[in-house]
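Here's the structure, in C-alpha cells; my notes come after.
No lab work stands behind these numbers, since they all come straight from the coordinates. Here the structure is a predicted model, which means the values were calculated and not measured. Cβ coordinates were reconstructed from backbone atoms using ideal geometry, including for glycine residues, and neighbour counts include every protein chain displayed.
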There are 2 protein chains.
Amino acid sequence: MSANALSGTTAAPGRQFVLLGLGAMGYGIGRSLLRAGLAVDGFDLNRDAQNRFRAEAGLDRTLEDACGEADGAILVVVNAAQTEDALFGAQGLADRLRPGAVVVSCATIDAQKAIEFEARLASKGILYLDAPISGGSARAAKGQLTIMASGTPHAFGRAEAALDAMAETVFRLGDCAGPGSAMKSVNQLLAGIHIAATAEAFAFGLAQGVDADQIMQVIPRCAGSSWMFENRGPYIADGDYRPHSAVDIFVKDLGIVTDTAKGAALDLPVAAAALARFKEASLNGLGREGDVAVVKLYAQASGVGLPPKRYEEN
Amino acid sequence: MSANALSGTTAAPGRQFVLLGLGAMGYGIGRSLLRAGLAVDGFDLNRDAQNRFRAEAGLDRTLEDACGEADGAILVVVNAAQTEDALFGAQGLADRLRPGAVVVSCATIDAQKAIEFEARLASKGILYLDAPISGGSARAAKGQLTIMASGTPHAFGRAEAALDAMAETVFRLGDCAGPGSAMKSVNQLLAGIHIAATAEAFAFGLAQGVDADQIMQVIPRCAGSSWMFENRGPYIADGDYRPHSAVDIFVKDLGIVTDTAKGAALDLPVAAAALARFKEASLNGLGREGDVAVVKLYAQASGVGLPPKRYEEN
C-alpha cells in the first residue's frame with residue numbers, strides 16, 4: 001500500500017509544513033520533506049538543532065507566522081504529554097493553525113489520546129492524522145519510513161505530499177484516529193520484547209563462551225533473528241551504549257502497552273518481563289543509555305564479561 | 001561462510017549415509033542428500049515415512065548392513081534422549097558404525113551432552129559433529145538449512161558432502177563438540193521468545209480491535225518484525241493450529257535454555273516468561289498443537305476472539 005495509492009482524498013495536498021521536533025527522527029523527516037520540494041519551518045527547544053535545520057530549509061519565521069501560512073504541522077515529539085503541549089499548551093498549535101490545516105502526529109501515544117486529540121482539534125476545524133512511524137533515523141533521512149496511519153480522507157488528503165516525502169509505505173488503517181496508534185502499540189510490544197531478548201541472548205551466549213561476533217554472524221541467518229536483533233546486536237558486540245534510542249523510550253512505550261492491556265483485562269506476561277528489565281535498567285541509572293544497556297543487568301548479576309568498546313566517537 | 005569454504009579437512013568426504021529420523025525435517029534432509037547423489041539408508045519408527053523414503057532412495061538394507069557400509073550417520077531426532085538411544089541404546093550405532101565414520105548430530109541438545117557424546121564415540125574411533133540446524137522443513141527439502149557446527153577437522157571432512165547437500169550455510173564454530181549446541185541454544189532462546197511474543201502481539205492487537213490480516217500486512221514492514229513473526233503469524237491469522245512445530249518442542253528447547261543458564265548462575269526472565277507460556281499451554285492440553293497455540297491462553301483469559309480457521313486440509 002504506497003502513499004501514492006491513497007484514494008478517496010478530497011483536500012488539496014499541502015506544500016507548507018511546520019515541523020516540531022528536530023531530534024534524529026525529526027531532522028531526518030525534515031530533510032526528506034525539503035528534498036521533496038516542500039517548505040518546512042522547523043522548531044526545537046534545542047537551538048543548535050533548530051539553527052542547523054533552518055540554515056538548510058532557508059526559512060526563519062516565528063511559530064506564529066509559520067502557522068499562519070502552513071497547510072499542516074508534523075509533530076515528531078517524544079510522547080503524549082509533549083504532543084498535548086504542542087497542540088494545546090506552550091506552542092498552542094490548535095489556536096495558531098488555520099482551519100483546514102492538518103496535524104500529523106508521529107509520537108507513540110495511547111490510542112485513546114489520539115482519539116481525544118482528533119476530537120479537540122475537530123472542534124476548531126483542524127484535521128488530525130494519527131500517524132506513528134517506524135524505521136529509525138536512517139530511514140527517516142531517506143524518506144523510507146513506514147507510517148501506521150488512520151484518519152479522515154480529508155486529513156489524508158491534506159497530508160499527502162508530506163506522507164509521500166517521509167515514507168516508503170503508508171498503511172491506511174482506518175477513517176478516524178485510534179487504529180494507527182493501536183497498531184503502533186502492537187509493534188512496540190514486539191520491538192521492546194525483541195530488544196530485551198537480544199540482550200538476554202547475548203548474555204546467555206557469552207556465559208557459555210560463545211563469541212559476540214560469532215553470535216552476530218550466525219543468528220541473522222537463523223530462525224531466531226529479528227529486525228531488532230540485527231539492528232541492536234552490533235551495538236552490544238561493539239560495546240556501544242550511546243543513546244541511539246534510549247532505555248527510557250521503552251520504559252514509556254511498553255508502559256503504554258501494559259496500561260492499554262490492563263484496560264482490556266489482558267495479561268501480557270512476556271511484555272511485562274521485558275518492561276521490568278527496562279525499568280530496572282532505568283532505576284540503575286541506565287535510562288539515558290542506549291536501550292541495549294539492559295544487557296548490563298545480566299552482566300552485573302552473573303559476572304559475565306561484555307565486549308569492550310570498539311567504535312569511533314564522531 | 002559456505003560449506004564449500006571448509007578448510008583444513010583431512011578425511012575424504014563420505015558418500016554413503018545412514019539417516020535416522022524421517023519427520024518433516026529429516027525427510028527434507030534425506031531428499032536433499034539424494035538429490036546430491038549420495039546413497040542414503042533412511043530409518044524411522046514411523047513405517048509409512050520409512051517406506052516412502054526408501055522407495056525414493058532405492059535402498060532397502062537393514063540398519064546393520066547399512067551401518068557396515070556407511071561413511072556416517074545423520075541423526076535428525078527430537079532430543080538428547082533419542083540421540084543417546086540411537087547411539088548407545090536401541091539402535092546402537094556406536095557399535096555398528098565403522099571406525100572413522102562420522103555421526104552428524106542435528107537435534108537440539110544441551111552442549112554438555114554433545115561434549116559427552118563426542119567423547120564416548122571417540123573411544124570407539126567414531127567421529128562426531130555437533131551440528132544443530134535451523135531453517136524449517138521447507139528449507140530442509142531445498143538443501144538450504146543453516147548448520148551451527150563444531151567438531152574436529154576430521155569430522156568436518158568426513159561429513160562435508162552431506163553438509164554441502166543439506167545446507168546453504170555451514171558455520172564452523174569450533175574444533176570440538178559444544179559450541180554448535182551452545183549457539184543453537186542462543187537461537188532457541190530467541191526463537192521461543194519470539195513465538196510467544198507473536199502470540200502476545202496478536203492477542204493485544206485483536207483486543208484493541210485491530211484486524212489480524214492488517215497486523216500481518218503492517219508488522220513485517222516495521223521494526224517489530226522477526227523471522228518467527230513472519231513465519232508463525234500467518235498461522236494465527238488463518239486459525240491454523242496444526243503442529244507444523246509443536247508447543248512441546250519449545251517446552252523442551254526453552255527448558256534446555258533455562259537449565260543451562262541455571263548452571264551459569266544466570267537469570268533469564270524474558271525466556272522464563274515465554275517458557276511459562278509454553279508450559280501452561282501444554283498443561284492445558286495444547287502440547288501437540290502448533291506452537292502458536294499459546295495465543296489460545298490469551299483468548300481464554302480475556303475473551304478476545306481469535307481468527308477462525310480458513311485453510312484447506314491437505
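Please list, or write none, the lysines whose alpha carbon is within less than 19 Å of the alpha carbon of B:Lys309, excluding same-chain residues fewer than 8 places away.
Filter leaves B:Lys296.
Can you put A:Met216, A:Met228 in order of Cβ neighbours within 10 angstrom, beginning with the fewest?
Ordered by Cβ neighbours within 10 Å, fewest first: A:Met216, A:Met228.
Enter the Cα centre distance for the pair the stretch B:116-148 and the stretch A:159-177, rounded to the nearest angstrom.
Each part's Cα centre sits 48 Å from the other's.
Name the longest site-free stretch of chain A, where the excluded sites are GluC sites (Glu not before Pro) in a DSSP loop with no more than 14 other beta-carbon atoms within 10 Å. If you can, show how the numbers build up before the last one.
Working: sites that count: A:Glu312, A:Glu313.
Result for the longest clean stretch: A:1-311.
Can you give the helix-only mean residue ellipticity at 222 nm for the protein assembly as shown, where every DSSP H stretch with n ≥ 4 adds -39500 (n - 2.57) and the sum goes over all residues, rounded to the nearest 500 deg cm²/dmol?
Helices in the protein assembly as shown give a 222 nm mean residue ellipticity of -15500 deg cm²/dmol.
For A:Val40, B:Val78, A:Val251, B:Val257, which order do you get if you count the other beta carbons within 10 Å of each Cβ and list the fewest first?
So the ranking, lowest neighbour count to highest, is B:Val78, A:Val251, A:Val40, B:Val257.
State the antiparallel share, in %, of DSSP beta bridges confined to the protein assembly as shown, rounding to the nearest 5. Display every interim value, and only then the final one.
On the way: 9 of 53 bridges.
That works out to approximately 15 percent antiparallel.
Put a label point 7 Å from Cα along the Cβ direction on B:Gln50, then list its distances to the equivalent points in the other copies in nm, shortest first.
Once sorted, the set of distances for B:Gln50 reads 7.9 nm.
Report, for chain A, the % of DSSP beta bridges that are antiparallel, rounded to 5.
Details: 4 of 26 bridges.
Among the beta bridges of chain A, antiparallel pairing accounts for roughly 15 percent.
Kindly give the distances from B:Gly37 to its copy-mates, label point to label point, with each label point 7 Å from Cα along Cα→Cβ, as nm values to one decimal ordered shortest first.
6.0
When each copy gets a label point 7 Å from Cα toward the beta-carbon at A:Glu69, what are the spacings between them in nm, shortest first?
For A:Glu69, the other copies' label points sit at 8.5 nm, shortest first.
Could you tell me the distance between the Cα centroids of the stretch A:237-314 and the stretch B:53-99, to the nearest Å?
Here the two parts' Cα centres lie 47 Å apart.
Looking at this model, which pairs from A:Lys184/A:Lys252; B:Lys113/B:Lys279; A:Lys113/A:Lys262; B:Lys113/B:Lys262; B:Lys184/B:Lys279; B:Lys252/B:Lys279 are more than 18 angstrom apart at the alpha-carbon? Don't skip to the end; give the middle numbers.
On the way: A:Lys184/A:Lys252 13 Å; B:Lys113/B:Lys279 23 Å; A:Lys113/A:Lys262 16 Å; B:Lys113/B:Lys262 16 Å; B:Lys184/B:Lys279 21 Å; B:Lys252/B:Lys279 9 Å.
B:Lys113/B:Lys279; B:Lys184/B:Lys279, as the Cα separations exceed 18 Å there.
Going 7 Å from the Cα of A:Ala138 in the Cα-to-Cβ direction, what parts of the stretch B:222-236 have a backbone nitrogen less than 14 Å from that spot?
Within reach of a label on A:Ala138, which here means backbone N under 14 Å from a point 7 Å along Cα→Cβ, the stretch B:222-236 contributes B:223.
What is the calculated FRET efficiency for A:Gln300 to B:Arg15, with r their C-beta to C-beta distance and R₀ = 56 Å, to the nearest 0.05?
So the FRET efficiency works out to roughly 0.60.
Hey, got a sec? Which trypsin sites (Lys or Arg not before Pro) in the stretch B:85-184 land in a DSSP loop and have at most 15 other Cβ atoms within 10 Å? Kindly include the intermediate steps, with their values, before the conclusion.
Details: sites: B:Arg96, B:Lys113, B:Arg120, B:Lys124, B:Arg139, B:Lys142, B:Arg158, B:Arg172, B:Lys184; in loops: B:Lys124.
In loop regions of the stretch B:85-184 (DSSP not H, G, I, E or B), the sparsely surrounded trypsin sites (Lys or Arg not before Pro) are B:Lys124.
Would you list B:Ile133, A:Ile147 from fewest to most Cβ contacts within 10 Å? Don't jump to the answer; show the numbers that get you there.
Values: B:Ile133 25, A:Ile147 29.
By the 10 Å Cβ count, ascending, the order reads B:Ile133, A:Ile147.
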